[in-house]
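The values are calculated or read from the model by the stated rules, or taken from the named source; none is laboratory data. These numbers were taken from a predicted model, which means no experiment stands behind them. So basically every Cβ, Gly included, is an ideal-geometry build from the backbone, and we count neighbours across all protein chains shown.
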Amino acid sequence: MALLDRLPRHLFTQRGWGMLAAGAAALAAAQVMGRRDLLSLAVLLFVLPLVSLAGIRLVKPRFQVYREFNPSPVETSSPTTVRLAVARTGSASGRATMEERLPARFGESPAFRFPSRSATGGTSRYEYHLRSAQRGQFLIGPVTAEFTDPFGLSLHRQAIDDGDTLTVTPAAVVLPLTGLAGARGNDGVTATRIRANPSDDDVMTREYRHGDPMRRVHWAATARHGELMVRQEESVTTPEATIILDHRFGAFSGSSGAAPAGNAAQDGHTMISSDTFEWAVVAAMSISAHLSERNYALRLLDARGEPAFLRSLSAPEPELEEYTGASGLQSIAESLAAIQLTGPHHLHGGAGRRDFFGARESHGQEAGPPPFDDNLMDKLSAHRMRGPVIAVLGRISALEALSLAPAAGYGTNAFAILVAERPAEFEDALEKLRQGGWRAAAVAPSVSVAAAWNQFDQDPAVPEPPAAEVRRGAGVAR
C-alpha cells in the first residue's frame, strides 16, 4: 500500500495501479511456468486500465459552472460570499471530486464532491467565503474536476471553466467635518452669469415677457436696450469638487528611489505600489465618499490633467473623469481597485512584467506632459470656482509645488495632502503651496487619513506664509 501511495495519481487510481501490478505478476508467472492462460490474464489486466485511461480522455464529462460574488465588488477586509452552481451538460454519469483554485492569499482552495447531496435538477450548489486585506483584482477559479472511469481504474483532472475576476476596492475611512463642509452652501449656488460667462448685463437680464412681474424689471438695462428688460433668475447647480490624484512612480517610490514592492506577488497578480501610495488611494476613496455623501459632483484628474484612471486596469470607463451619485462613487471605487504607479520605473531585470491578464507592459519612461503644467490648469479653468480643489500628492519638489500653487485660484477652496515617509523634509514645498492659497499638510503613512483630513481645520482660511510648524513626533508637517 505504501508503494501505491507513491505512484502518480494523475493517471490511475490505486485500483488501476493494483491491476497493472497484478498484470505484471501474471506475466512473470506465465514466463516462469509457461502457462498460456496466465499470459492471457496478464494481457487482460494490462489492457483494461489502458483502455479506461484512453476512454476517459476521449469522452470527457462536460460541465457548466456559474459563479456569483455577493457583494461584488467587495471592500478590503470585508467578506464576500462565493456561490457556485455546477451542472453536468453531457450524458456521462458518475461522481467527481472538484476544487476551486484560489490565489495563495485566500488560503486553502475549497474542495467538494459532485454531485452534492442537496443537488436539484442536476445542478449542485456550493458556497464559501473570501476576504482580502489588500485591494486588487484576483482570478477566482477555475474549478478543476477529477473524475474516474466507470470501473474506477483511471483518473482525469481538467479545468471546467475559466474562472471569474473578483474586484476588491479600497474601503473608505469616515472623515470628520471640516471647513470644506462649511463652504457647501456657497458651492451649491452658481449664478447664471457665472455659468454662461458673457457680460454681466447680457447674462443677468433678458427681454420682458408677458406675465413677468414688474418688480423684476431691470431699469438700467431697459434704458440701455430701449426695451423692457427683466432680471434673469439665478440657478442652483450641483456643487463640484476636483480631486487631483498623483500616481507618478517617482512621487511614491521612497526617498531612496528603490522600486516599491508589488502587492500580491504570491498569487501572480503584481501591482506596482508602495505604502505611501496605498495611503493615497485610501485617502482618495475616503475624500470621494465624504464629498459624494454631501451631493458633490466629482472630477478626478492626475498630476498631468488627464483622467485619473486612464491607466487603471480595473476602471470601468478609463477615460471618464466626472462622476456623480452613488453609481459614480462605485465607479471610482472600482477604478481605484487596481490603480498603480505609472512613469519611469524598473523592476528586477528591467524587462517588464506580465499583468493580471497576461499583457506585457513596458517599464520604461512614460510619455506625456510634465506634471502640474498648462494641461492641468486648463482643465481646472474650465470649471473655475465651482467647488473645492483637493490634491492627494506624493513626494513633490519645491519647483513642482511652485507649478501647482496657482491651481488654488480655480477653486472655492484648495486642499493639498502630501504623504511621504519623512514629511518634515517637504516644508519648502508646503510653503510654496500655501503662498499660492492652498491649505496644505504633509503626513507620514502611519498617520490616519481622518487625522490628516482634520489638519485642514487647524490651518487658517487665508494661509500666512511665515507660519510654519513641524511636528516631527506626530509624523505631520503643517
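Quick notes
- Filtered residues of segment 225-242 (kept if at pLDDT 85 or above and within 29 Å of Tyr323 (Cα to Cα)): Pro239, Glu240, Ala241, Thr242
- Inter-residue pairs, beta-carbon under 8 Å, first touching a residue at least 40 places away in the same chain (Cβ under 8 Å) and at positive phi and in segment 422-446, second part of a loop (DSSP other than H, G, I, E, B) and surrounded by fewer than 24 Cβ atoms within 10 Å (Cβ to Cβ), 6+ apart: none
- Of all the listed residues (Ser335, Ser331, Ser274), the sole one being free of Cβ contacts under 8 Å to residues at least 24 places away in the same chain, among the hydroxyl-bearing types (Ser, Thr, Tyr) and in the same structural domain as Ile396 (by TED's automatic domain parsing) is Ser331.
- Looking only at segment 71-110, and only at residues there that are among the β-branched types (Val, Ile, Thr) and in a loop (DSSP other than H, G, I, E, B), the one that is farthest from Thr123 (Cα to Cα): Thr76
- Residue in segment 54-67 that is β-branched (Val, Ile, Thr), surrounded by 14 or more Cβ atoms within 10 Å (Cβ to Cβ) and within 30 Å of Val168 (Cα to Cα) present: yes
- The residue that is modelled with the highest pLDDT, among those in segment 1-38 that are under 30 Å from Ala96 (Cβ atoms) and part of a loop (DSSP other than H, G, I, E, B), is Leu11.
- Identity of the residue in segment 72-97, surrounded by 19 or more Cβ atoms within 10 Å (Cβ to Cβ) and over 30 Å from the mean Cα position of the chain (by Cα), that ends up farthest from Leu153 (Cα to Cα): Arg88
- Filtering segment 48-60 for residues that are at pLDDT 90 or above, farther than 30 Å from Ser286 by Cα and of a type in the set (Lys, Arg) leaves an empty set.
- Segment 127-155, residues that are crowded, with 20+ Cβ neighbours inside 10 Å and over 26 Å from the mean Cα position of the chain (by Cα): Ala145, Phe147, Thr148, Asp149, Leu153, Ser154, Leu155
- Checked against (1) closer than 19 Å to Ser314 by Cβ; (2) touching a residue at least 60 places away in the same chain (Cβ under 8 Å); (3) small (Gly, Ala, Ser), Ala133 passes all but condition (2).
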